[in-house]
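Encoded as structure tokens, the structure appears first; notes follow it.
The values are calculated or read from the model by the stated rules, or taken from the named source; none is laboratory data. As the structure is a prediction and not an experimental result, all values here were calculated from the model. Cβ atoms come from the backbone with ideal geometry, glycine included; neighbour counts cover every protein chain shown. Keep in mind that these areas ignore ligands, DNA and RNA; they rest on the heavy atoms of the full protein, side chains included. Shrake-Rupley method; radii C 1.70, N 1.55, O 1.52, S 1.80 Å.
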Amino acid sequence: MTESPVVRAPELAGDERSPATRRTFPVATADLERVATQVLEAARQRGATAAETEVSQGVGQDVTVRHGEVETIAYHRDKAVSVTIFVGQRRGHASTADFSTAAIAATVDKAVTIARYTADDPAAGLADAARLAHVWSDLDLYHPWDLPIDEAIALGRDAERAALAVDRRLTNSEGATVASGESEFVYANTAGFFGGYRSSRHHVGCAVVGEQDGTLQRDSWFTAARAPGDLEPASRVGRTAGDRTLRRLGARRLGTRECPVLFEASEAADLIGFFVQAVSGGSLYRKSSFLLDSLGREVFASHIQLREEPHLPRGRGSAPFDGEGVATAARDVVRDGVVQGYFLGSYSARKLGMTSTGNAGGSHNLVLATGDDDLPALLARMGRGLFVTEQLGQGVNPVTGDFSRGVAGFWVEGGMLAYPVEEITIAGNLRDMYRGIVATGNDVDRRGSRHTGSILVDRMTVAGR
């Protein structure tokens, strides 16, 4: 195997010099780097022509409170080494949680053995060296939360208490959860990449149950962020969960009809997710997508703009490089309704005769351009139709684009919420739904990696009783 000089990335944020960090992670950053180096050296010694490894660790805690009492407390501390070996164009993979020298050697041996007995694959191999990231900026992804268990329990109680205090008809609780997690990884390969970083994710959520006329309803709310200071207050999370449950009491069913459908921002993110799946490499080269050969074609309404923004500070989907070390970059995915790019890692790109888009491991922050309308304005624009606040089940055929899902929400009359609805199904085809997007709201939900406001679709079939 030809040796390439190791190009080190900028220093990993938050190194082992911090006393708090030493108490948090199982091992020091230097140990992750040492293991990565050992893996590549062992691969060279065993005749691999190329190799890559990811060495990772994570810590976290979850606390759930129900009816004011602690229901669960969970801690996790884990570490892992994954090894991918190439012998020519044959690939072998193995992993271990043991960082000892003997375990690393045994894991590399397994991967080499697998590779030697695997058929040649012309698309196999490391990412192209010219596309690897060598320098990147700090995306502000690591914000550890020094949260003692007693304080986490108190936050959970605050959320649940605020939810149940909304109305006496809120009679039960599914609990409030406060979770905090931190992770770190180092990725290295024999093409010259060596780097990694730390990140954090925190969460407070609550779900309660209401009862009216012998019928139960439930709803929930949560806040999530990289930094604890960006989370909503626990009491506000609870009040929102309570309000959302309360407004669902007295839900009715609808008769079958065709009408406009407005997807609440949190539910609209699913529509973007189905598009990503359809134009991702695996779906395309396996020909299991309803959007085959869609590059350069108008798939959405002409006013739709969708960008991938992998470098948003503190973004849930931010990353300076992908799972193969390929540099990420902001780009238009959809412009004026026309597909500008797919989501490809090196393997799927080679299968399609294209180049990697820096999406090995998935998409990054996807930002849907918003219109001028807030949610009340979108409801007014729809006038009469269905406002979807929850979707149930799968119900999407990725090959045909056929869409059929159970939903709950509200019937809208005169641009106002008339009454809650449940036990109904909406159906259509994603091709028609994307082309039929009338408007996108400015009520953007940024809790995840798909940043979108509510989406109004001109017409779908609603099936009820």
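Identify all residues within the range 348-370 that are in a helix (DSSP H, G or I) and either modelled with pLDDT under 95 or surrounded by fewer than 20 Cβ atoms within 10 Å (Cβ to Cβ) (or both); write none if there are none. Working first, answer last.
So the first thing to find is which residues in the range 348-370 are in a helix (DSSP H, G or I), and the list is 348-351.
Passing the criteria: only 351.
Is it the case that the range 141-161 has a residue that's touching a Phe, Trp or Tyr at 6+ places or on another chain (Cβ under 8 Å), crowded, with 19+ Cβ neighbours inside 10 Å, assigned to a strand (DSSP E or B) and among the aromatic types (Phe, Trp, Tyr)?
So in the range 141-161, the residues touching a Phe, Trp or Tyr at 6+ places or on another chain (Cβ under 8 Å) come out as 141-142.
When the remaining residues are screened for being crowded, with 19+ Cβ neighbours inside 10 Å, the result is 141-142.
So of that shortlist, the ones also assigned to a strand (DSSP E or B) come out as none.
Checking the range 141-161: not a single residue is touching a Phe, Trp or Tyr at 6+ places or on another chain (Cβ under 8 Å), crowded, with 19+ Cβ neighbours inside 10 Å, assigned to a strand (DSSP E or B) and among the aromatic types (Phe, Trp, Tyr).
Across the range 119-140, which residue is surrounded by the most Cβ atoms within 10 Å (Cβ to Cβ) among those that are of a type in the set (Asp, Glu) and under 24 Å from the mean Cα position of the chain (by Cα)? Walk me through it before giving the result.
Residues of the range 119-140 that are of a type in the set (Asp, Glu), as a first pass: 120-121, 128, 138, 140.
Then keep just the ones that are under 24 Å from the mean Cα position of the chain (by Cα); that gives 138, 140.
Details: 138: 12, 140: 15.
Within the range 119-140, the match that is surrounded by the most Cβ atoms within 10 Å (Cβ to Cβ) is 140.
From the list 417, 386, 430, which one is closer than 23 Å to residue 248 by Cβ, modelled with pLDDT of 95 or more and either crowded, with 18+ Cβ neighbours inside 10 Å or of a type in the set (D, E, K, R) (or both)?
Numbers: 417 fails: either crowded, with 18+ Cβ neighbours inside 10 Å or of a type in the set (D, E, K, R) (or both); 430 fails: closer than 23 Å to residue 248 by Cβ.
Among 417, 386, 430, only 386 is closer than 23 Å to residue 248 by Cβ, modelled with pLDDT of 95 or more and either crowded, with 18+ Cβ neighbours inside 10 Å or of a type in the set (D, E, K, R) (or both).
Would you point out the residue of the range 81-102, among those that are of a type outside the set (Val, Ile, Thr), touching a helix residue (DSSP H, G or I) at 6+ places or on another chain (Cβ under 6 Å) and open to solvent by less than 40 Å² (accessible area, probe 1.4 Å), that is farthest from residue 43 (Cα to Cα)?
99
Residue 32 passes all but one of (1) outside any helix (DSSP H, G or I); (2) under 28 Å from the mean Cα position of the chain (by Cα); which number fails?
Residue 32 satisfies every listed condition except (1).
Just one of (1) over 24 Å from the mean Cα position of the chain (by Cα); (2) open to solvent by less than 80 Å² (accessible area, probe 1.4 Å) trips up residue 116, so point out which.
With respect to (1) over 24 Å from the mean Cα position of the chain (by Cα); (2) open to solvent by less than 80 Å² (accessible area, probe 1.4 Å), residue 116 is out only on (2).
Taking the range 28-73 as the search range and keeping residues that are of a type in the set (A, V, I, L, M) and out of contact with any strand residue (DSSP E or B) (no Cβ under 6 Å at 6 or more places or on another chain), which one is most open to solvent (accessible area, probe 1.4 Å)?
So the first thing to find is which residues in the range 28-73 are of a type in the set (A, V, I, L, M), and the list is 28, 30, 32, 35-36, 39-40, 42-43, 48, 50-51, 55, 59, 63, 65, 70, 73.
Now restrict to residues that are out of contact with any strand residue (DSSP E or B) (no Cβ under 6 Å at 6 or more places or on another chain): 28, 30, 42, 70.
Details: 28: 30, 30: 47, 42: 10, 70: 63 Å².
The extreme case among them is 70.
Before we move on, is residue 449 among the polar types (S, T, N, Q), closer than 19 Å to residue 275 by Cβ, open to solvent by 10 Å² or more (accessible area, probe 1.4 Å) and under 25 Å from the mean Cα position of the chain (by Cα)? Step through it out loud before you land on a result.
Values: among the polar types (S, T, N, Q): yes; closer than 19 Å to residue 275 by Cβ: yes; open to solvent by 10 Å² or more (accessible area, probe 1.4 Å): yes; under 25 Å from the mean Cα position of the chain (by Cα): yes.
It is true that residue 449 is among the polar types (S, T, N, Q), closer than 19 Å to residue 275 by Cβ, open to solvent by 10 Å² or more (accessible area, probe 1.4 Å) and under 25 Å from the mean Cα position of the chain (by Cα).
Can you list the strands (runs of 3 or more DSSP E) lying wholly within the range 371-465 that have 1 or more residues being in contact (Cβ under 8 Å) with a residue 24 or more places away in the chain, aromatic (Phe, Trp, Tyr) and farther than 30 Å from residue 227 by Cα?
385-392, 402-413, 416-429
Given the options 96, 49, 72, name the one that is closer than 26 Å to residue 143 by Cβ and either without any contact (Cβ under 8 Å) to a residue 12 or more places away in the chain or not charged (D, E, K, R) (or both).
72
Among the listed residues 195, 175, which satisfies the condition of being buried (at least 22 other Cβ atoms within 10 Å of the Cβ) and small (Gly, Ala, Ser)? First the steps, then the outcome.
Numbers: 175 fails: buried (at least 22 other Cβ atoms within 10 Å of the Cβ).
On inspection, the qualifying residue turns out to be 195.
Exactly one of (1) closer than 28 Å to residue 436 by Cα; (2) surrounded by fewer than 20 Cβ atoms within 10 Å (Cβ to Cβ) is unmet by residue 334. Its number?
Condition (2) is where residue 334 drops out.
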